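A.B. asks: Quick one: the structure is below, questions incoming.
All of the numbers you see were taken from the coordinates with simple rules; none came from a lab. What you see is a predicted model, and the numbers here were worked out from it, not measured in a lab. Neighbour counts run over all protein chains shown; Cβ positions are idealised from the backbone, glycine included.
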Protein chains: 2
Amino acid sequence: MTILSAFPITPTNADGQVDLGALRTLLQPLVAAGVGSIGLLGSTGTYPFLARHQRRRAVEAAVEAVAGRLPVLVGVGALRTDEAVRMAQDAKGAGAEAGLLAAMSYTPLTEDEVFVHCETVARESGLPLCLYDNPGTTHFRFTPALIGRLARVPGIVAIKSPAPEPDGAAEHIAALRAVVPAGFSLGYSGDWNAVAALLAGGEAWYSVIAGLFPHTALAIVRAVEAGDAAEARRLDARLKPLWDLFRTYSSLRVVYACADLLGLCRAEPPRPILPLGGEARQRVADTLAALELG
Amino acid sequence: MTILSAFPITPTNADGQVDLGALRTLLQPLVAAGVGSIGLLGSTGTYPFLARHQRRRAVEAAVEAVAGRLPVLVGVGALRTDEAVRMAQDAKGAGAEAGLLAAMSYTPLTEDEVFVHCETVARESGLPLCLYDNPGTTHFRFTPALIGRLARVPGIVAIKSPAPEPDGAAEHIAALRAVVPAGFSLGYSGDWNAVAALLAGGEAWYSVIAGLFPHTALAIVRAVEAGDAAEARRLDARLKPLWDLFRTYSSLRVVYACADLLGLCRAEPPRPILPLGGEARQRVADTLAALELG
């Protein structure tokens with residue numbers, strides 16, 4: 001079984017107030033398409049840019065919109081441990097199924113510091129946690145040794161790793177499988193390399209495109225589940241122009257431009273991040289027109 | 001003229017509430033020693049871990065404690081542009097002389113994004129700004145081209161760069177001097193390489209040890225100002241055991257351990273950062289005992 005977790009943007013006004021109506025508009029087609037879970041307030045959902053009460057409003061609205069039809073995972077990362085605990089408590093109180101806990105850092109953190117941080121959030125919140133390994137934004141990398149320690153902490157049930165380059169996928173998953181207990185879920189993000197990781201045995205795809213184009217992502221996941229690697233690779237290869245944009249401009253900036261070009265909501269990322277303009281925006285528009293995403 | 005700016009820690013309780021009495025206790029000897037300015041709420045002052053109202057309390061207490069005897073520079077960085085604007089407005093309202101603006105990031109930022117961010121904070125706050133280039137924590141590096149653009153923005157008056165390795169100091173300062181207007185201040189942080197940067201013409205030392213041992217740092221600055229490079233290098237070389245600790249454990253963790261060992265205040269860094277223990281703490285204690293810092 002391969003879980004597709006869809007990571008939408010979190011529409012806000014310029015002051016960081018969440019537009020709950022627009023959020024519902026983005027979530028409704030994901031639920032209707034039948035994704036496996038919603039990854040609310042991920043990096044694409046700009047959680048580090050949103051205040052605690054705004055995050056809580058977003059979780060409440062999402063849980064209400066989803067109405068029990070699928071689980072809502074919620075980004076609960078924060079620079080301070082006590083803040084991450086509160087975010088996780090809030091998410092649990094609002095009905096989230098699990099928390100996504102990134103090792104956000106300013107002062108570079110040691111392995112022991114991240115271990116205590118994650119253990120504390122798990123213990124004090126009681127919310128099941130998926131570790132969120134995202135060194136491109138947090139500048140902390142979970143080693144297999146640390147993952148092995150954390151996978152034995154009660155309440156830490158999964159990890160979302162950045163998908164390695166395709167020829168390293170099997171080795172990556174074997175290295176993690178060797179250190180985690182049975183039942184601990186190994187999943188991947190980084191859409192452009194995710195298919196190889198799923199074919200190598202990854203159990204979940206934490207997907208940015210699924211947050212906007214759930215059918216496109218589900219078609220790939222269904223091919224993987226059917227054991228049709230050739231079809232999964234073909235569907236993935238078709239998306240190469242989109243993956244190239246993700247690598248060049250970041251998936252966050254590209255999906256914001258997509259949502260804006262499609263007229264789905266007011267879609268400007270939080271400043272200092274600027275909306276794509278000029279040639280970049282045109283490239284996104286051309287790619288949208290060529291690929292027929294859905 | 002070489003300015004010594006002293007960067008103290010910001011003592012807080014475990015919840016992040018600033019201990020104003022302990023902060024005054026730390027500031028008083030800096031003022032008495034005659035440092036050139038206070039660098040409040042720098043990275044050593046854990047600004048990213050403190051809420052807006054806690055930062056404002058710290059600035060108000062520092063400005064009151066310093067009582068006009070020297071300028072107070074205040075870290076005003078934040079992940080969101082509008083938050084950084086508010087931090088700078090707060091600092092100005094509380095009587096700070098200038099703001100230290102780091103390019104804090106989660107999603108990696110482009111040069112244009114950081115340009116607009118800094119320009120917006122300068123324009124909307126009216127607080128003179130020192131750019132705070134600290135790639136080890138922000139994961140953004142100001143290029144000379146960007147520094148040249150920003151140095152022409154009204155209200156952006158200085159930059160604090162990480163001091164390069166000693167044999168690159170002259171080249172670094174020449175590269176920046178070539179792109180900034182006359183009067184724009186070029187200063188350095190990173191205590192272990194700062195002396196070479198000052199001898200090469202750096203105008204300010206943004207110093208962590210000066211936040212705890214002002215006389216030790218002032219002796220070096222006075223040797224630089226007297227043109228006695230040999231004496232400056234001798235005093236600097238004497239501190240090598242301390243610089244080794246800074247490089248190994250980070251200056252932040254080491255000065256917290258120093259403040260704690262010296263009994264100056266409750267000195268635990270904000271979690272997830274853990275206080276140094278065991279062998280690391282013993283090494284700091286041994287170094288303190290051997291070096292006679294003041």
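A.B. asks: Mind checking Rg over Rh on the range B:165-220, alpha carbons, Kirkwood formula for Rh?
C.D. replies: Values: Rg = 11.8 Å, Rh = 11.8 Å.
With Rh from the inverse mean 1/r over Cα pairs, Rg/Rh is 1.00.
A.B. asks: Next question, about the same structure. Nm distances between the label at A:Q282 and the same-position labels in the remaining copies, 7 Å along Cα→Cβ, shortest first?
C.D. replies: Spelled out, the distances from A:Q282's label point are 6.7 nm.
A.B. asks: What is the distance, in nm, between label points placed 7 Å from the Cα along the Cα-to-Cβ direction at A:L20 and at B:A230?
C.D. replies: Here the modelled spin labels are 7.5 nm apart.
A.B. asks: Here is a further query. Relative to the compact-globule scaling 2.2 N^0.38 Å, provide the ratio for the alpha-carbon radius of gyration of the range B:66-134. Before the final figure, lay out the partial values.
C.D. replies: On the way: Rg = 12.0 Å, N = 69, 2.2 N^0.38 = 11.0 Å.
Computed over Cα atoms of the range B:66-134, the ratio equals 1.09.
A.B. asks: Also: Would you work out which of A:A94, A:G201, A:V153 lies farthest towards the positive end of the dipole of chain A, given +1 charges on the beta-carbon of Lys and Arg and -1 on that of Asp and Glu, about the Cα centre?
C.D. replies: A:A94
A.B. asks: For peptide A:83-89, what's the mean number of Cβ atoms from other chains within 10 Å of each residue's Cβ?
C.D. replies: 1
A.B. asks: Taking the Cα centroid of the range A:256-292 and of the range A:71-114, what is the distance between the two, rounded to the nearest whole Å?
C.D. replies: Their Cα centres are 29 Å away from one another.
A.B. asks: Assigning unit charges at the beta carbon (Lys, Arg +1; Asp, Glu -1) and nothing else, what dipole magnitude in debye, to the nearest 20, does the protein assembly as shown show about its Cα centre?
C.D. replies: Computed about the Cα centre, the dipole is about 620 debye.
A.B. asks: Based on Cβ point charges of +1 for Lys and Arg and -1 for Asp and Glu, what charge dipole magnitude is obtained for the range A:204-260 about its Cα centre, in debye rounded to the nearest 20?
C.D. replies: Dipole size: approximately 140 debye.
A.B. asks: What percent does the relative contact order of the range A:44-201 come to when contacts are Cα pairs within less than 8 Å and at least six residues apart?
C.D. replies: 17
A.B. asks: Here is a further query. As a test, work out the antiparallel percent of DSSP beta bridges whose residues both lie in the range B:3-227, rounded to the nearest 5.
C.D. replies: Looking only at bridges with both residues in the range B:3-227, the antiparallel portion is about 5 percent.
A.B. asks: Grab the Cα-Cα distance for B:A178 and B:A290, subtract it from 0.36 nm times how many residues apart they are, and report the gain in nm with one decimal.
C.D. replies: 36.1 nm
A.B. asks: Consider the operator that turns chain A into chain B: which A residue has a Cβ nearest its axis, and what is that gap in Å?
C.D. replies: So the chain A residue sitting closest to the axis is A:H139, 3.
A.B. asks: What number do you get for the range B:183-275 when its Cα radius of gyration is normalised by 2.2 N^0.38 Å, N = residues?
C.D. replies: Numbers: Rg = 14.3 Å, N = 93, 2.2 N^0.38 = 12.3 Å.
It is 1.16.
A.B. asks: With the contact rule set at Cα under 8 Å and sequence spacing of 6 or more, what percent relative contact order holds for chain A?
C.D. replies: Rounded, it is 19 percent for chain A.
A.B. asks: Out of B:V66, B:F7, B:L245, whose Cα points farthest toward the positive end of the dipole of chain B (charges: +1 Lys, Arg; -1 Asp, Glu; placed on Cβ)?
C.D. replies: Among B:V66, B:F7, B:L245, the one farthest towards the positive end of the dipole of chain B is B:V66.
A.B. asks: May I ask what percent, to the nearest 5, of DSSP beta bridges between residues of the protein assembly as shown are antiparallel?
C.D. replies: Here the antiparallel bridges make up roughly 5 percent for the protein assembly as shown.
A.B. asks: Quick one: Karplus J couplings for the range A:212-222, per residue in order, coefficients 6.51, -1.76, 1.60, θ = phi - 60°, nearest Hz, x for Gly and Pro?
C.D. replies: 10, 10, x, 5, 4, 6, 5, 4, 5, 4, 5
A.B. asks: Reported to two decimal places, what Rg/Rh ratio describes chain A when computed on Cα atoms with Rh from the Kirkwood expression?
C.D. replies: Over the Cα atoms of chain A, Rg/Rh equals 0.94.
A.B. asks: Between A:M1 and A:E64, how high is the FRET efficiency from 1/(1 + (r/R0)^6) when r is the Cβ-Cβ distance and R₀ = 25 Å? Nearest 0.05.
C.D. replies: For A:M1 and A:E64, the calculated efficiency is 0.40.
A.B. asks: Nearest 500 deg cm²/dmol is fine: what mean residue ellipticity at 222 nm does chain A get from its DSSP H runs of n ≥ 4 alone, each adding -39,500 (n - 2.57), divided by its residue count? List each step's numbers first, then the result.
C.D. replies: On the way: 13 runs with 143 residues, N = 294.
So the calculated ellipticity at 222 nm is -14500 deg cm²/dmol.
A.B. asks: Across the residues of A:109-119, average count of Cβ atoms on other protein chains within 10 Å?
C.D. replies: On the way: counts 3, 6, 0, 3, 6, 1, 2, 3, 4, 1, 0.
Mean inter-chain Cβ contacts per residue within 10 Å come to 3.
A.B. asks: Any chance you could run the full-extension gain for B:R123 through B:R152? It's 0.36 nm times the residue separation minus the Cα-Cα distance, nm to one decimal.
C.D. replies: Working it through step by step, the gained length comes to 9.2 nm.
A.B. asks: Another question about this same structure. Relative to the other copies, what are the label-point distances for B:E124, with labels 7 Å from Cα along the C-beta vector, expressed in nm at one decimal and sorted shortest first?
C.D. replies: 3.1
A.B. asks: What fraction, in whole percent, of alpha-carbon pairs in the protein assembly as shown exceed 36 Å separation?
C.D. replies: 39
A.B. asks: If you place +1 on the Cβ of every Lys and Arg, -1 on the Cβ of every Asp and Glu, and leave all else neutral, what size is the dipole of the range B:3-227 about its Cα centre, to the nearest 20 Debye?
C.D. replies: Dipole about the Cα centre, nearest 20: 400 debye.
A.B. asks: Using a Gaussian network model of chain A with C-alpha springs under 10 Å, which one of A:L20, A:L40, A:L100 is most mobile by mean-square fluctuation?
C.D. replies: Result for chain A, Cα springs under 10 Å: A:L20 fluctuates most.
A.B. asks: Then there is this: Please work out the C-alpha center-to-center distance from the range A:1-55 to the range A:157-226 and express it in whole Å.
C.D. replies: 20
A.B. asks: While we're on this one: At 7 Å along the Cα-to-beta-carbon direction for both B:R247 and A:E203, put a label point, then send me their distance in nm to one decimal.
C.D. replies: Distance between label points: 4.4 nm.
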